[in-house]
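Derivation of every value follows stated rules applied to the coordinates shown; laboratory data play no part. Quick caveat: nothing in here was measured; it's all calculated off a predicted structure. Counting neighbours? That spans all protein chains shown, and the Cβs are built from the backbone with ideal geometry, glycine included.
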Amino acid sequence: MLRKRIHKIPLLVMCVLIAATLVIAGCGEKTVDTSKSVFKIGAVLSLTGPAAPLGEPEQRALMLLEEELNDGEGVDGHKVEFIIEDDESQPEKAKAAITKLINQEKVPAVIGSSSTGATLAMAPVAESSKVPLVCCAAGTKITDPVMPYVFRTPPTDSMAIEKVLDYLENSLKVEKIAILHDANAFGTGGADELSQKAPDAGIEIVARESYGSTDTDMTAQLTKIKGTDAEAIVVWGTNPGPASIAKNMQQLAMEIPYVGSHGIANKKFIELAGTASEGVVFPAGKLLIPESIEEGSEWRQAVDDFAQAYEDKYNMEIDTFAAHGYDAGLIVTEAMKMAGTGTDSQAIRDAIEEIEEFVGIDGIYTFSAKNHDGLSADDLIMIEVKDGDWVEKTS
Amino acid sequence: MARREVSRKTLLTVTAVFIAAVAGLTLALKGSTGLQWIVSGLTVGSIYALVAMGFSVIYSSTRVINFAQGEFSMLGGMLMYSIYMRAGLPLPLAFLVSVLIVTLIGAGLERATIHPLRNQSVISVIIVTIGLAIFIRATAKLIWGSEPVKVASFTGDKPLRFLGASIVPQSFWVFGLTLLAFVLVFLFFDRTLLGKGMRAAAANPDAASLMGISSSTSSLVAWTMAAALGAAAGIVIAPINFAYYYAGTMLGLKGFTAAILGGLGSASGAVVGGLLLGVLETIVAGVFPSGYKSAVAFVILILVLLIRPEGLLGRSEGVKV
């Protein structure tokens, strides 16, 4: 037993060395300088549990970015390594994971998490350890009020809500709506903000109902909404809930327009809901319909390149979550380049606030001391499901 | 003993009156909307009942609560996706192959992980089933990924309407399977020698083994049956629920609650518990702010364990000292 173990260790070391050699050998002209230290960046993502469909593409994007950086010159010649931890979609696990990354791995910056709940659990740790955290979650509470060390890549729920209210008011021209939301942090946060901002758009919320993330039948909530004079229903949640709702609405022959959240901005929704998904409208990043981004612009180029590289490596289409993960990695490494350090947390944090007009995949980022969101509502469009595909909804 | 029987009868009457009152009131006050709630609740309730029966089969034969029961259903749904939707086998064949694979997995897991623990306490075996659930879930995620997948309805999606309520055709498949499973499980445990022997083996393994009933065989048969039942359930509900690697957790929890409510180890208890839980959940979601819906299962679980741990239709196990 003991002997076996002794033999295994050198073998492992050799494997690592061989792997390292291969990586180095594969490099072109601009290469990482192996004599320089490796820049470590921590990441906490939801790789298992209900938020796994978010965390997985984020992880894939980060691994792609790591490969791309190290095939080039890394960060100022330093090799980059993303150390990715799984929070199992649970806030308390996310908190433990970020603590481990900061204390044991000594990472200078952390990316994550995938969901709002997990990110909110990690934020206090980032704050007290003075380590910048760049999250991939959209909950408004994460950056409102601004915490010095917490930043975000995706468009916020506020931006999506702004877009949805604009659509309801100016395109659908409705005055009374019903909200049906997931009872989790994302759904509740979205519903709260919708209820709060709707009056400004001259819209009244006539019904507000919720459902559990794993519920499969929402007919009870829908019959209640059917009994009101709501002219449209806004559904705030992530798959599979909204797909069940679309099917239930078809079952109950409800004809009012279904406006979704950016949580259903993936093709899964169409697959799951089938014909019931027809006519559903939701806000999403422009990258989902690259044609909506100006031809020849730097942003369009970045999206096309990313989509191609992702397709080559994983044989999959990009989605918004992949973009969030990729952008989070880009922002941290860009800040490292600007600060000229891969270890000084404070300098990296300060550099993120200096980022201006930086082209990512989700949009064009500009951070400041007061704005830790980077994007704006202009980076979003409304998309409609039509004949089983997405089309830009121009009113 | 006699007093116990009376209290059981009283309880059943009280339950029946309660159900009738709730249903009657809902219909009277809400009309077709109320009818819709009851219809939807019965569909969801049948799903719970099917999973609850799986719990019951293993519990009545071995006194083990199998927390991987929901995972068998999840596997059934996922396999159906691969075999029916992707490989394109005809429906009946895909159904049989999926059930067969899960059944073999169930039997294999029993031999690999439960059988070696035959001389350990029941609680250790229960803990192992929690481990099995995590193992099956993780493996399923590796195979099928984390996104939900769609299994097409067996007989189309055109809803049937009556009296202002509507129901999707797949619900009838769920009702049908619930009825069939109930009859088979009931007949097996009450009418066949093997079934009776298995219950005896659970009640008193030593005495049963003296009579030539092996608790080892009993456990294998129970796990095989529970896996088959769970898989069949997972397959018929997949078009309603969607199939995803995480689905077993919710099914397991609700099925367990239904089994406790109805009385662990009783097939009729599983059905009554499942239907009751499903209908109550839907009515609560309809009448109260829908956020309270998810609390229903837990409140029921706590109440039953506090007031009548043996469940509505279960019989208390008098242990004589």
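Tabulated data for the structure shown
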{"read-out": "Sequence-separation-based contact order of chain A, relative, with Cα cut under 8 Å and 6+ spacing, percent", "value": "16"}
{"read-out": "Proximal charge balance of A:Glu291 [Cβ under 15 Å; K/R count +1, D/E count -1]", "value": "-3"}
{"read-out": "Gyration tensor (alpha-carbon) shape descriptor, the protein assembly as shown, a/c threshold 1.5", "value": "oblate"}
{"read-out": "Within 10 Å of each Cβ in A:220-231, the average number of Cβ atoms from other chains", "value": "4"}
{"read-out": "Distance between modelled label sites at B:Ser268 and A:Ser128, nm, 7 Å Cα→Cβ extension", "value": "5.8"}
{"read-out": "Peptides A:244-253, B:293-302, B:240-249 ordered by average Cβ neighbours within 10 Å, highest first", "value": "B:240-249, A:244-253, B:293-302"}
{"read-out": "12 Å beta-carbon shell around A:Ala323, net charge (K/R +1, D/E -1)", "value": "-4"}
{"read-out": "Share, in percent, of DSSP beta bridges within the protein assembly as shown that are antiparallel, nearest 5", "value": "35"}
{"read-out": "Fewest-first sequence of B:Met80, A:Met254 by Cβ atoms within 10 Å of each Cβ", "value": "A:Met254, B:Met80"}
{"read-out": "Separation between Cα centres of the range A:78-143 and the range B:167-217, rounded to whole Å", "value": "49"}
{"read-out": "Straight-distance crosslink candidates among aspartates and glutamates, where the alpha carbon sits under 16 Å from A:Lys197 and sequence neighbours closer than 8 are dropped", "value": "A:Asp144, A:Asp157, A:Glu162, A:Asp166, A:Glu169, A:Glu175"}
{"read-out": "For the range A:267-273, 3J(HN,Hα) per residue [Karplus equation, 6.51 cos²θ - 1.76 cosθ + 1.60, θ = phi - 60°, Hz, x = Gly/Pro]", "value": "5, 3, 4, 5, 4, 6, 7"}
{"read-out": "Cβ-based exposure ranking for A:Arg208, B:Arg191, B:Arg308, in which fewest neighbours within 10 Å come first", "value": "B:Arg191, B:Arg308, A:Arg208"}
{"read-out": "Pair-distance profile P(r), taking every C-alpha pair of the range B:2-307, with 10 angstrom steps and integer %", "value": "6, 26, 34, 23, 9, 1"}
{"read-out": "Cross-link pairs beyond the 22 Å C-alpha cut-off, checked among A:Lys173/B:Lys158; A:Lys226/B:Lys158; A:Lys176/A:Lys386", "value": "A:Lys173/B:Lys158; A:Lys176/A:Lys386"}
{"read-out": "Taking chain B and dividing mean pair separation by its residue count, relative contact order in percent (alpha carbons under 8 Å, at least six apart)", "value": "34"}
{"read-out": "Alpha-carbon centroid distance for the pair the range A:304-361 / the range A:377-391, whole angstrom", "value": "25"}
{"read-out": "C-alpha center-to-center spacing [the range A:208-277, the range A:37-72] in angstrom", "value": "32"}
{"read-out": "Most mobile of A:Lys176, A:Lys40, A:Lys224 in a GNM of chain A (Cα contacts under 10 Å)", "value": "A:Lys224"}
{"read-out": "Hz values of 3J(HN,Hα) by residue in the range B:23-34 - Karplus curve (6.51, -1.76, 1.60), Gly and Pro given as x", "value": "5, x, 4, 4, 5, 5, 7, 10, x, 5, 5, x"}
{"read-out": "Neighbouring partner chain Cβ atoms per residue of B:279-291, average, 10 Å criterion", "value": "5"}
{"read-out": "Sites B:Phe288 and B:Leu160, calculated FRET efficiency, Cβ-Cβ separation with R0 41 Å, nearest 0.05", "value": "0.90"}
{"read-out": "Amide H within-cut-off set for A:Ile111, under 5 Å, with H built and near neighbours excluded", "value": "A:Gly42, A:Ala43, A:Val44, A:Val134"}
{"read-out": "Neighbouring partner chain Cβ atoms per residue of B:146-154, average, 10 Å criterion", "value": "5"}
{"read-out": "From phi via Karplus (6.51, -1.76, 1.60), per-residue ³J(HN,Hα) for the range B:103-114 in Hz, x at Gly/Pro", "value": "4, 5, 4, x, 5, x, 5, 4, 5, 7, 10, 8"}
{"read-out": "Using a Förster distance of 45 Å, the FRET efficiency for B:Ser124-A:Ala253 (Cβ separation, nearest 0.05)", "value": "0.30"}
{"read-out": "Cα shape, the range B:53-128, gyration tensor, a/c 1.5 rule", "value": "prolate"}
{"read-out": "Spin-label pair B:Leu184/A:Glu294, simplified geometry with 7 Å Cα→Cβ offset, distance in nm", "value": "6.5"}
{"read-out": "Surrounding net charge for B:Phe242, when Lys and Arg each add one and Asp and Glu each subtract one, Cβ distance under 14 Å", "value": "-2"}
{"read-out": "Rounded if a/c under 1.5, otherwise prolate or oblate - the range B:25-90, Cα gyration tensor axes", "value": "oblate"}
{"read-out": "Dmax and Rg, reported as Rg then Dmax, of the range B:113-207 (C-alpha, Å)", "value": "20.5, 58"}
{"read-out": "More than 33 angstrom apart: percent of Cα pairs within chain A", "value": "33"}
{"read-out": "Ranked list, fewest to most other Cβ atoms within 10 Å of each Cβ, for A:Ile318, B:Ile65", "value": "B:Ile65, A:Ile318"}
{"read-out": "Percentage relative contact order, the range B:163-284, counting C-alpha pairs under 8 Å, at least six apart", "value": "21"}
{"read-out": "Full-stretch length increase - A:Asn371, A:Asp229 - with 0.36 nm per residue and alpha-carbon distance subtracted", "value": "47.2 nm"}
